[in-house]
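Below is one structure, written out as structure tokens; comments come after it.
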Amino acid sequence: MKILILTNEYPPNVYGGAGVHVEYLVRELARADASSSIQVLCFGDQEMDGSNLRVRGVDRIMQSPDTELRYPELQNTLVRQLSMIGCADAADIIHCHTWYTHLAGCLLKQLLGGRLVLTTHSLEPHRPWKAEQLGPAYNASSWMEETAYRNCDGVIAVSKSMKEDVRRLYKVQEERIGIIHNGIDATEYRPRTEPEVLPRYGINPQKPYILFVGRMTRQKGILHLINSVPYCSADVQMVLCAGAADTKEMEAEIFSRVEEVRRESRKEIVWVPQIVPKPDIFALYSLAELFVCPSVYEPFGIINLESMACGTPVVASKVGGIPEIVVDGETGLLVPFDPENTDRFSRDLASAIDSLLASPERLAAMGRKSRERVKRYFSWQSIARQTWEFYRRLAS
């Protein structure tokens, strides 16, 4: 079987959960079926040839000699997708990840005759804050997404909640949707004891800390977490590994709020704005007392798997696919999110954090159960097998 995978993110250009998903899924798909051929087209200058895996990046961007581009991200995305069309080999399955490749997927379905598969990492109607980043181009990204769902042959939803959203928003028939969770490589993400890593990021190794890892976007709820700091009674460091801001305005807003909370509460907030390389992030996860995921919208939340695989329990918002990962009271605590009462959410986050930090024995037990759950239910090998089964059903 010939598989074509279209994605904007692919190593080394990975900045979010969708990119992590594609990286590991592609690796395991290639390992699981050596008789298949897999072509990956992505944004960038990547180039790799394996026995049954070929990766090509498209980095062509739009040039306008006379004026600035009015919608630069949208226009460059469209140009890259048109480049993908010219690079694509024949395929039985055309598998798209995120709206950045949906137009290319729809056109290639017509050109190549393959079956079009979409993995639902997120849905534009649930991300209205993207209008801050894209402006009117958000309407175009939403239209491309809807068009792809209207024309696809199959959908892989990363959680039960995403399946219901796809059915409700885009009227996709239930029999065309499969639920296949994201996964984790538990041999790579595992507990580490490397305290020498901490000072590199301004973290005091002699003092406990709680950890946030994520993009600077309203979706990830980072401002709600920062607002929870004054309500926390525990004497801990709050470490924010937060990079890749949606907009310069968002980055400035977060920086301003961090400085304000530091000044008013005299609590320690360590902000790490750069992308932390994998060997170091393993240590940061492992050495944290707990991990906090305050997302206001999270189709799955692969970041929680990363923390749990490193033996660190999670305090997370009870939204989207997160309850399918974090077992409340067993591998962490879930906090309901009410968009009409965000101050209550920040207070409840602080309360959950304090309650776990007050019981080291409970924290340790949750950490052990977290890793056990990840190893049992979320291996990439299992996700790849399920994906191959989905492909074969669709192709037949």
**Message:** For the condition among the polar types (S, T, N, Q) and under 20 Å from Leu116 (Cα atoms), what is the one hit in Thr147, Thr193, Thr217?
**Reply:** Thr147
**Prompt:** Given the residues Gly214, Gly243, Gly202, which is the only one that is within 30 Å of Ile179 (Cβ to Cβ) and either at pLDDT 95 or above or assigned by TED's automatic domain parsing to the domain that holds Pro339 (or both)?
**Reply:** Gly214
**Request:** Taking Gln63 as the residue in question, decide whether it is assigned by TED's automatic domain parsing to the domain that holds Ala140, modelled with pLDDT under 95, not aromatic (Phe, Trp, Tyr) and not in a loop (DSSP other than H, G, I, E, B).
**Result:** no
**Item:** Residue that is outside the structural domain of Gly19 (by TED's automatic domain parsing), of a type in the set (Phe, Trp, Tyr) and surrounded by fewer than 22 Cβ atoms within 10 Å (Cβ to Cβ), where the choices are Tyr297, Tyr285
**Value:** Tyr297
**Message:** Kindly evaluate Leu334 against the criterion of being surrounded by 18 or more Cβ atoms within 10 Å (Cβ to Cβ), in contact with a Phe, Trp or Tyr (Cβ under 8 Å, 6 or more places away or on another chain) and in contact (Cβ under 8 Å) with a residue 12 or more places away in the chain.
**Reply:** no
**Asked** Which condition number in (1) assigned to a helix (DSSP H, G or I); (2) touching a Pro at 6+ places or on another chain (Cβ under 9 Å) is the one that Ser122 fails?
**Response** (1)
**Request:** Name, by its number, the condition in (1) free of Cβ contacts under 8 Å to residues at least 60 places away in the same chain; (2) assigned to a loop (DSSP other than H, G, I, E, B) that does not hold for Ala316.
**Result:** (2)
**Item:** Of residues in the range 363-396 being in contact with a strand residue (DSSP E or B) (Cβ under 8 Å, 6 or more places away or on another chain) and among the aromatic types (Phe, Trp, Tyr), the one nearest to Leu4 (Cα to Cα)
**Value:** Tyr391
**Prompt:** What is the one condition in (1) assigned to a loop (DSSP other than H, G, I, E, B); (2) over 19 Å from the mean Cα position of the chain (by Cα) that Tyr149 does not satisfy?
**Reply:** (1)
**Request:** Give the residue that is surrounded by the most Cβ atoms within 10 Å (Cβ to Cβ), with candidates limited to residues of the range 89-145 that are closer than 22 Å to Val172 by Cα and of a type in the set (Lys, Arg).
**Result:** Lys109
**Request:** Scan (1) in contact (Cβ under 8 Å) with a residue 40 or more places away in the chain; (2) part of a helix (DSSP H, G or I) for the single condition Leu111 breaks and write down its number.
**Result:** (1)
**Any hit, the range 190-211, residues being of a type in the set (Gly, Ala, Ser) and assigned to a helix (DSSP H, G or I)** = no
**Asked** Out of all the residues in the range 155-172, which are surrounded by fewer than 22 Cβ atoms within 10 Å (Cβ to Cβ), part of a loop (DSSP other than H, G, I, E, B) and touching a helix residue (DSSP H, G or I) at 6+ places or on another chain (Cβ under 8 Å)?
**Response** Val172
**Asked** Being closer than 26 Å to Gly332 by Cα and touching a helix residue (DSSP H, G or I) at 6+ places or on another chain (Cβ under 9 Å), is that true of even one residue in the range 141-154?
**Response** no
**Request:** Only residues in the range 185-199 that are under 19 Å from Ile383 (Cα atoms) count as the first member; pair them with residues that are acidic (Asp, Glu), Cβ under 6 angstrom, at least 6 apart or cross-chain, and list the lot.
**Result:** Tyr189/Glu306
**Message:** Given the condition over 23 Å from Ile180 (Cα atoms) and in contact with a Leu (Cβ under 8 Å, 6 or more places away or on another chain), answer yes or no: does some residue in the range 262-269 qualify?
**Reply:** yes
**Request:** Please find, among Glu260, Glu175, the residue that is in a helix (DSSP H, G or I), without any contact (Cβ under 8 Å) to a residue 24 or more places away in the chain and in the same structural domain as Met144 (by TED's automatic domain parsing).
**Result:** Glu175
**Fill in**
Within the range 126-146, of all residues that are assigned to a helix (DSSP H, G or I) and among the small types (Gly, Ala, Ser), the one modelled with the lowest pLDDT is Ala131
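The values are calculated or read from the model by the stated rules, or taken from the named source; none is laboratory data. On a predicted model such as this, the values are computed, not experimentally measured, just so you know. FYI the Cβ positions are ideal-geometry reconstructions off the backbone, even for glycines, and counts take in every protein chain you see.
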